[in-house]
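One structure is given below, encoded as C-alpha cells.
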Amino acid sequence: MKGALIFNKYYCDGGMDYIKSRLTQVFSDLGISLEFPKVYASLSVGKQAEEIKKYDFALFFDKDIPLARFFERCGVRVFNSSRTLMLCDDKELTYSAAAQTGVKIPKSIFSPLMYDVDDIIDETFLYRVKSALSFPLIIKENVGSQGRQVYLAHDETELTALYMRLKRTPHLYQEFIDGTKGSDTRVYVIGKKAVFAVRRENTTDFRSNVSLGGKMQITELKDCLVSRAEKIAEKLGLEYGSVDFLGNEADVFLEANSNAYLKTAENLGANLAVRLAEYVTGQIYGTEK
C-alpha cells in the first residue's frame, strides 16, 4: 500500500522537513509507505498517469491546484481536494464561502480588476475604502503564505502607497479588529472536525505567524469555537488544516490553511500526524488498513 506526499520542491523549510519525516514514520507504523513522486500536471492522462495510479492516495502539503486536479483525474483520492486547495488559497473565494456559514467575518472590500494599460489612481475606489474602513486597516493580497502578503496601513499616505503597489494584483482591504494586533486563535481540524486549539501571539509584528516570530500556546477548545471552526471546515471541505479566528472570544473568522504545519503544535502535545494518518487510512480502507 502506497501514498504520495506532495510538497513544493521549490520551497522547503524546517517545518516541511518535519512533515516529511513525521508522516513517513506514522504511515509506516500503519504498514503504508509514503513516496515523494516527481510529477507535473498535464491535461492529458498519459504516461505519467501510470506512475500516479500506483498510489492509493495523495497528501497535498502544497498549493499546486493543477497538480491536485491531475491526481484526481488519474483516480487518486487527494487530501485536501483540489477544490479545497482553491478555496483556501484565494482569500476572495475563502471569504465568499465563509460568508455563507453565519460565522462573523471582518468587513472587507475587494480591489477592482485593473489592466496594465495606464497609471491612474481610482480616487473613487480609495474614497470608498476610507469611508467604509477606519485606520489602521489591513490590506491582503488574495494569494499569499505565512503572512508575507499582508500589510497594515496606518493612514491615507500608506493606503495610497500600498494601493499603487498592488492595484494590478488581486487584493482586498479589511477592517482592523480592535485588540488583535499580533494575535489570533488557530484551530486544527482533521476530517473537518476541530481537534486542537492554540493561541498565537507576536510582540514584534502585527501578524501572528510563527514564521514571523509568533509564539504558540495551548488554548481551550470551547464548544463555540468548535462549532465555528467546523462550520468553516465543512463549507471549504477542509479534511486537514487550520481555521484561524480573531478577537478575545475568537469569534471573527480570519483565514483557513489547507496545509498547516505540524511541528510547533505537536511540540505542544497535539498528536496531529497520527490522527491524520488514521483518518486517511480510514477513508481509503474503511476500518482496516
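The values are calculated or read from the model by the stated rules, or taken from the named source; none is laboratory data. What you see is a predicted model; the values in this text were computed from it and never measured. Don't worry about glycine lacking a Cβ; one is built from the backbone with ideal geometry, like all the others, and counts go over all protein chains shown.
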* Structure fact -> In the stretch 54-104, anything aliphatic (A, V, I, L, M) and touching a strand residue (DSSP E or B) at 6+ places or on another chain (Cβ under 6 Å) is listed as Ala58, Leu59, Ala68, Val76, Val78, Ala98, Val103
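Being farther than 15 Å from Ala194 by Cα and either among the small types (Gly, Ala, Ser) or buried (at least 23 other Cβ atoms within 10 Å of the Cβ) (or both) is the requirement here; does Gly241 meet it? Before you say what the answer is, go through the steps one by one.
Numbers: farther than 15 Å from Ala194 by Cα: no; either among the small types (Gly, Ala, Ser) or buried (at least 23 other Cβ atoms within 10 Å of the Cβ) (or both): yes.
Here the answer is no, as Gly241 does not meet what is asked.
Please find, among Arg128, Arg69, the residue that is in a helix (DSSP H, G or I) and within 19 Å of Leu172 (Cα to Cα). Walk me through how you get there before you give the answer.
Details: Arg69 fails: within 19 Å of Leu172 (Cα to Cα).
Testing whether each residue is in a helix (DSSP H, G or I) and within 19 Å of Leu172 (Cα to Cα) leaves just Arg128.
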* Could you tell me whether any residue of the stretch 187-195 is surrounded by fewer than 21 Cβ atoms within 10 Å (Cβ to Cβ), part of a helix (DSSP H, G or I) and at pLDDT 80 or above? => no
* Identify, please: which residue in the stretch 198-221 is hydrophobic (A, V, I, L, M, F, W, C) and in contact with a strand residue (DSSP E or B) (Cβ under 7 Å, 6 or more places away or on another chain) and is, among those, modelled with the lowest pLDDT? -> Val210
* Asked: Does Tyr115 count as in a loop (DSSP other than H, G, I, E, B) and either within 13 Å of the chain's Cα centre (by Cα) or of a type in the set (Phe, Trp, Tyr) (or both)?
  -> yes
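Please pick out the residue among Val76, Val45, Val26 that is among the aliphatic types (A, V, I, L, M), surrounded by 14 or more Cβ atoms within 10 Å (Cβ to Cβ) and either farther than 17 Å from Gln283 by Cα or without any contact (Cβ under 8 Å) to a residue 24 or more places away in the chain (or both). Quick ask: steps written out before the conclusion?
Working: Val76 fails: either farther than 17 Å from Gln283 by Cα or without any contact (Cβ under 8 Å) to a residue 24 or more places away in the chain (or both); Val26 fails: either farther than 17 Å from Gln283 by Cα or without any contact (Cβ under 8 Å) to a residue 24 or more places away in the chain (or both).
Just one listed residue meets the conditions, Val45.
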* Asked: For Lys181, are the conditions met, namely being within 29 Å of Leu276 (Cβ to Cβ) and either of a type outside the set (A, V, I, L, M, F, W, C) or free of Cβ contacts under 8 Å to residues at least 40 places away in the same chain (or both)?
  -> no
* Asked: If Lys63 passes every condition in (1) at pLDDT 95 or above; (2) under 20 Å from the mean Cα position of the chain (by Cα); (3) outside any helix (DSSP H, G or I) but one, which one does it miss?
  -> (1)
